[in-house]
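A short write-up of the structure that comes next.
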Amino acid sequence: MSARKRVAVVGVGTMGSQAAWRLARRGADVVAYDRFAPGHDRSAAGGETRIFRSAHFEDSRYVPILKHADALWEQLQQETGRELRRLTGCLLMGPTEHHQMATVLQSIAEHGLDHEVIDAEALAKRFPQYRLEDGDAAVLDRRAGFIRPELTVQTAARRAEQLGARIHRYTPVREITPVAGGAEVSTDSGSERFDAVVVTVGPWVNDLLPDLPWEVEIRRIVSAWYAPTTDAWFGEERPAFIRTAPTHCYGLPSPDGVSVKIGLSRVLHRLVGDPNALDRTVQPEELDIFTELLGRHLPDLYPDPTRLSVYMEGYTESSRPLVGPLPGAGDENVILLAGFSGHGFKLSPAFGDIAADLALDGHTDQPIDFMTTLGRTAA
């Protein structure tokens, strides 16, 4: 019998916790490192809820990976006995001519997804908390809902530990050095050699890998929570929502029935220079766009937020993530997962599984050609 592969996972957050679980599940000797601890609030995996959906705005090629993630969400819940995801549906709204609405309908048609097209009159009766404009379309993705991000990260990490993984908490990795047949991971306590290293450090990717040939833009994400003025948000149906235009935004009714979380798209958030010095204070003027959005499309929410939180996310120019080995001689044993551009959490179990494929087998059967690092020139 061949020896177990020793695999390091650097960063035990959204992707790293899932990679550690999938690697340990497949019998690898897993050692993971995090500058904080699984489930911390300093990166993208925060805010208590994130959206899961089957239909995809950005690219219909994600749908097969979403289906794989869907099955793995069920598996992780069964293995741990925790409710990490609840399927409540997701309303996808925007102008019919908007390219993202066209992509949604394309992904639904190509993959036979469970959905419902809702006209303005029916929407007003069934979901009166939303306002459509002339020319808008509304599609209900039925295989959708919300995920509990912090609980998911901690649950996946704990399951990895139960399967034999070791996690070094509050242990920043300073350098990853390719060596013959593997790579070394260096911390303040010394260096350790592995057969493969999976790098999932989120907004710290440019710090750890300063020579990365692709730009990963780090942005400061503001989430705001608003109290509803009516009971409509917490009726029998309580779907999440995404609106494509004129202001790209999303929202989720909170599981406890107290508030609604609202978030904005990439271009509406400030760039982050140093992820170690994130400005976590939200200035009053930053709320103007939220106030305008509520007045135009979500008038049944009080205009003053009850809570504000700040996170970070990494974006590529194309919005397609970087998944695969680092380029360069000797770097094939360093597997990178970065730049998920705000829509990676729902896919995280699948990407954890893909990372395990690449680290253990050198290839994956999942359809990642459109996001792979192999032969890639532009981000």
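Full extension of the chain segment joining Arg169 with Asp134 gains 7.4 nm, where the gain is 0.36 nm per residue of separation less the Cα-Cα distance. Within the chain, the percentage of alpha carbon pairs spaced more than 27 angstrom apart rounds to 47%. Measuring nothing but how far apart in sequence close Cα pairs (under 8 Å, 6+ apart) lie, relative to its length, the chain scores a relative contact order of 24 percent.
When Thr364, Thr230, Thr49 are compared by accessible area at a 1.4 angstrom probe, the order from most to least is Thr230, Thr364, Thr49. Neighbours of Phe52 by Cβ distance under 10 Å: Lys/Arg scored +1, Asp/Glu scored -1, total +4. For the residues Lys261, Lys125, a 1.4 Å probe over the protein chains yields an accessible-area ranking, largest first, of Lys125, Lys261.
Measuring only protein heavy atoms, the 1.4 Å probe finds His248 accessible over about 50 Å². Only DSSP H runs of four or more residues enter the estimate; each adds -39500 (n - 2.57), and after division by the residues of the chain the mean residue ellipticity at 222 nm equals -7500 deg cm²/dmol. Restricting the calculation to Cα atoms, the range 111-186 yields a radius of gyration followed by a Dmax of 23.5, 65 Å. Computed 3J(HN,Hα) for the range 301-317, one whole-Hz value per residue from the Karplus formula 6.51 cos²θ - 1.76 cosθ + 1.60 where θ = phi - 60°, is 10, 4, x, 9, x, 8, 7, 9, 9, 10, 9, 10, 9, x, 10, 9, 4, glycine and proline marked x. Once the Cα atoms are used to define both axes, helix 63-80 deviates from the longest principal axis of the chain by about 80 degrees. Relative to the dominant Cα principal axis of the chain, helix 288-297 is inclined by about 50°. Here the Gaussian network model covers the chain, with springs between Cα atoms less than 10 Å apart; of Gln154, Gln162, Gln18, Gln162 fluctuates the most. Computed from Cα atoms, the angle from the helix 149-162 axis to the main principal axis of the chain rounds to 30 degrees.
Residues whose amide H comes within less than 5 Å of that of Leu336, counting only those at least five positions distant or on another chain, are Val199, Gly324, Leu326 (H built at 1.01 Å from N in the peptide plane). In the context of the full protein assembly, Val258 retains an accessible surface of approximately 90 Å², using a probe radius of 1.4 Å and ignoring ligands and nucleic acids.
Structure remark: mean-square fluctuation, Gaussian network model of the chain, C-alpha springs under 10 Å; the largest value among Gly235, Gly164, Gly263 belongs to Gly235.
Among Ile51, Ile368, Ile218, the largest mean-square fluctuation in a Gaussian network model of the chain (Cα springs under 10 Å) belongs to Ile368.
The values are calculated or read from the model by the stated rules, or taken from the named source; none is laboratory data. Bear in mind that the values here come from a model prediction, so they are computed numbers and not experimental data. Every residue, glycine among them, receives a Cβ derived from its backbone with ideal geometry; neighbour counts consider all protein chains shown. For the accessible areas, the whole protein counts, side chains as well, though only heavy atoms, and no ligand, DNA or RNA atoms are used. Shrake-Rupley method; radii C 1.70, N 1.55, O 1.52, S 1.80 Å.
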